[in-house]
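Inspection log for the structure reproduced underneath, given as structure tokens.
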């Protein structure tokens, strides 16, 4: 069993990032313990602040195979039986593991919501991205709001009659934020207790894709500990970075990731003006960029050994891109 501890990090969110009246937030302290290949991570949620975390432990792979047909958005595996393997009404994450003709597609993910017995339907046409017959893949269910915080709020977030009085979970959707809270039930209309979105709709099954960071707006007066368990991901993953946006990213791997071993420099090179925002111990952000030769801080000092916290923000100034996030080399042995 390996134990690693992270010092507490504080984080200040510029008010324009979240359109929120709170201007101070914390990136939680994080400790992780695991034995190959699963374990748990503990996040410290600081009171009355915004807490940025990433899901660095994940749901297990439920099916792995290879495609014997690639027809636009229809991907076929004649050995599969998706109707019995997958649960109707849920989402799944498809990951391309090894594409034989174009390795740049390895690590690409798609959210799958539609399938037949031996075929998956993707939202993007991966055939035009050079996905080919013989490509191997994995499927796993993303964690949901209920998976992370408990279907009855076993995480102990502040419940309320509405979002104004409860802790709020923020998930970036590429344009703005989807927001969720735990309703204590009762009140006008006799609402059932449970996870709700900002429209009051049941949302415990809302998926959290493992490349996306989570912001928890705590309205509590005391800090809380959020324990997340799961399996360790050991392969590189592609991040869909949106032009002109602050991309809220999970660093995906529980320990050992730094700017220098992240692989992000391939799409954050000299002249791009892209910035990675990482919580620091002084209550703000450290801002880092790649100058074409090495990672540097705002004073052009070497930043290759700066650790990635579980949640980071990538300010993408360049065009839309799929940036590869790679695990530390030590993960090769897991």
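Since every read-out is calculated from the coordinates, none of them should be taken as a lab result. This is a predicted model, so every value here is computed, not measured. As a convention, Cβ positions derive from the backbone with ideal geometry for all residues, glycine included, and neighbour counts pool all protein chains shown.
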Most exposed first by the Cβ proxy, i.e. fewest other Cβ within 10 Å, how do 312, 278 rank?
-> 278, 312
So for region 61-141, Kirkwood radius off the Cα pairs, Stokes-Einstein at 10 °C and 1.306 mPa s: how many µm² s⁻¹?
-> 130 µm²/s
With only helices counted (DSSP H, runs n ≥ 4, each -39500 (n - 2.57)), the per-residue ellipticity at 222 nm for the chain, to the nearest 500, works out to -500 deg cm²/dmol
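Kirkwood Rh and Cα-based Rg: tell me the resulting Rg over Rh for region 54-208, rounded to two decimals. Provide the component values of the computation, followed by the final result.
Values: Rg = 18.6 Å, Rh = 17.4 Å.
Radius of gyration relative to Kirkwood radius: 1.07.
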For the chain, what is the convex hull volume of the alpha-carbon atoms per residue, in Å³?
-> 142 Å³
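To make sure I understand, if each residue's beta carbon is the centre and we count other beta carbons within 10 Å, what order do 192, 77, 132 fall in, fewest to most? Walk me through the intermediate numbers first.
On the way: 192 10, 77 19, 132 14.
Ordered by Cβ neighbours within 10 Å, fewest first: 192, 132, 77.
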Using a simple spin-label model with points 7 Å from Cα along the Cα→Cβ vector, what separation in nm is obtained for residue 304 and residue 234?
-> 2.6 nm
Against the rule of thumb 2.2 N^0.38 Å, how large the Cα Rg of region 216-278 comes out = 1.45
Convex hull around the C-alpha positions of region 239-334: the volume in Å³ per residue is 96 Å³
Where Rh is the Kirkwood radius over the Cα pairs of region 117-212, the temperature 37 °C and the viscosity 0.692 mPa s, what D in µm²/s does Stokes-Einstein return?
-> 210 µm²/s
